[in-house]
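Scroll down for the structure; my scribbles are underneath it.
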Amino acid sequence: MIAKEIFDDIAAKVGNIIQDSPIKDVEKNAKTAVTAALSHLDLVTREEFDTQQQMIEHLLTEIANLREEIARLTQQA
């Protein structure tokens, strides 16, 4: 139990040191740089991806149905 308290105390002190140091600025600048880099990429949101996935699944089903219809009509002719 004492070791846990010592560890928590050390972690708190390190956290305070990091907050008061230039490392915090580096972290902030890194996040900003990554966000800027990602904004230049041609990415889609998860919602847009899921919508497109549903549309593709629907279209594949339609294609399969049309192929069956073509095969049926070809056999009748």
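The values are calculated or read from the model by the stated rules, or taken from the named source; none is laboratory data. Remember, predicted model here, so these are calculated numbers, not experimental data. Don't worry about glycine lacking a Cβ; one is built from the backbone with ideal geometry, like all the others, and counts go over all protein chains shown.
Of note:
- Taken over region 24-35, the criterion of being of a type outside the set (Gly, Ala, Ser) and at pLDDT 80 or above is satisfied by LYS31, THR32, VAL34, THR35.
- Residues (loosely packed, with under 10 Cβ neighbours inside 10 Å and either part of a helix (DSSP H, G or I) or touching a Pro at 6+ places or on another chain (Cβ under 9 Å) (or both)) located in region 39-53: SER39, ARG46, GLU47
To keep it simple, each residue is scored yes or no on (1) under 31 Å from the mean Cα position of the chain (by Cα); (2) modelled with pLDDT of 75 or more; (3) surrounded by 10 or more Cβ atoms within 10 Å (Cβ to Cβ); (4) not hydrophobic (A, V, I, L, M, F, W, C).
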{"position": "GLN19", "(1), (2), (3), (4)": "yes, no, no, yes"}
{"position": "ALA37", "(1), (2), (3), (4)": "yes, yes, no, no"}
{"position": "HIS58", "(1), (2), (3), (4)": "yes, yes, yes, yes"}
{"position": "GLU69", "(1), (2), (3), (4)": "no, yes, yes, yes"}
{"position": "ALA77", "(1), (2), (3), (4)": "no, yes, no, no"}
